[in-house]
1. Within segment 27-57, which residues are surrounded by fewer than 16 Cβ atoms within 10 Å (Cβ to Cβ) and closer than 13 Å to LEU197 by Cα?
2. If you take the residues in segment 129-179 that are of a type in the set (Asp, Glu) and under 17 Å from the mean Cα position of the chain (by Cα), which one is surrounded by the most Cβ atoms within 10 Å (Cβ to Cβ)?
3. Consider HIS187 against the criteria (1) more than 24 Å from GLY78 (Cβ to Cβ); (2) outside any helix (DSSP H, G or I): it satisfies all of them except one. Which criterion is unmet?
4. With the requirement that a residue be of a type outside the set (Phe, Trp, Tyr), outside any helix (DSSP H, G or I) and modelled with pLDDT of 95 or more, what does segment 1-53 give you?
5. Against the condition part of a helix (DSSP H, G or I), within 20 Å of TRP12 (Cβ to Cβ) and among the polar types (S, T, N, Q), how does THR195 come out, does it pass?
6. Only one residue in LEU106, LEU114 is away from ligand 2 (no atom under 16 Å from the Cβ), assigned to a helix (DSSP H, G or I) and touching a strand residue (DSSP E or B) at 6+ places or on another chain (Cβ under 9 Å), so which one is that?
7. So which residues in segment 70-92 are surrounded by fewer than 20 Cβ atoms within 10 Å (Cβ to Cβ) and more than 11 Å from ligand 1 (Cβ to nearest atom), if there are any at all?
Amino acid sequence: MSQFDADAARAWVAAAAAAVKENADHLTQLDSAIGDADHGVNLNRGFTAVTAALDGFEADGPGAVLVKVGTTLISKVGGASGPLYGSAFRAIGKALAGPGVDAPTLGAALRDGLAAIRKLGAAAPGDKTIVDAWDPAVEAWDTAAAGGLAAAAEAAAEAAEAGAKATAELQARKGRASYLGARSVGHQDPGATSTALIFRALAATVS
Ligand code: ADP
Ligand code: MG
Ligand code: MG
């Protein structure tokens, strides 16, 4: 795939929704260890609503699709992750003009998504959040972007998965898990784990 267009955006979201559904129990289990046991439930509700919202939605490019995804997540998901992911998808969508974009342009949009997450949640890398998967993913994307969409997305997915795994060693400094202090160490962060699913879904879509 040389251009990421509206159909690709829809396919990414469909793959992410399927992954969230399939892994909902696992995400909720991770959240039961260091949060309030609702992360999988929250995201599954959100992506189910997104799937319904995109059905019959007319879009002239990937940007409109992803803005719709973000707006829906913000309105349908309670909890920290809804506004964070919703803002990210809205920012990605706003950065994508026209009917299709190349790998460097999508990488810049994904970086805008990270900026939106950090602006809203004020988490830095190492705080044991979504940022710990999203930040290495956009770094890896940029490094690989000259090789095209498939190469960039595969590198980003691998980096997000490694980042999510590495959150197990971290002490949480943001979100509910931070209430546990040192007791948050030893558990993988649910939000970083769902971010890895979202980047893996993108890699599967553009491969
Ligand atoms: P809640 O904690 O409100 O129940 P979720 O369970 O859906 O919301 O999402 C929890 C995840 O949200 C955490 O695992 C973490 O990755 C992410 N998160 C929480 N606070 C922040 C923040 N300030 N910045 C980035 N991510 C955050
Ligand atoms: Mg929770
Ligand atoms: Mg909650």
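1. Residues satisfying the conditions do not exist here.
2. Of segment 129-179, the ones of a type in the set (Asp, Glu) are 132, 135, 139, 142, 154, 158, 161, 169.
Then keep just the ones that are under 17 Å from the mean Cα position of the chain (by Cα); that gives 132, 135, 139, 142, 154, 158, 161.
On the way: ASP132: 27, ASP135: 24, GLU139: 17, ASP142: 18, GLU154: 21, GLU158: 18, GLU161: 20.
Step by step, filter segment 129-179, then rank; the result is ASP132.
3. (1)
4. GLN3, ASP5, ASN23, GLY35, ASP36, ALA37, ASP38
5. Working: part of a helix (DSSP H, G or I): yes; within 20 Å of TRP12 (Cβ to Cβ): yes; among the polar types (S, T, N, Q): yes.
Taking the combined requirement at face value, the residue satisfies it.
6. Values: LEU114 fails: touching a strand residue (DSSP E or B) at 6+ places or on another chain (Cβ under 9 Å).
On inspection, the qualifying residue turns out to be LEU106.
7. THR71, ILE74, SER75, LYS76
Per-residue answers, yes or no, for (1) modelled with pLDDT under 95; (2) at positive phi; (3) within 13 Å of the chain's Cα centre (by Cα):
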position	(1), (2), (3)
GLY78	yes, no, no
PRO83	no, no, yes
ALA95	no, no, no
PRO99	no, no, no
ILE117	no, no, yes
ALA123	no, no, no
ASP127	no, no, no
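The values are calculated or read from the model by the stated rules, or taken from the named source; none is laboratory data. The structure presented is a predicted model; accordingly, all values stated were derived computationally and were not measured. A quick note on method: Cβ atoms are made from the backbone with ideal geometry, for glycine too, and the neighbour counts reach across all protein chains shown.
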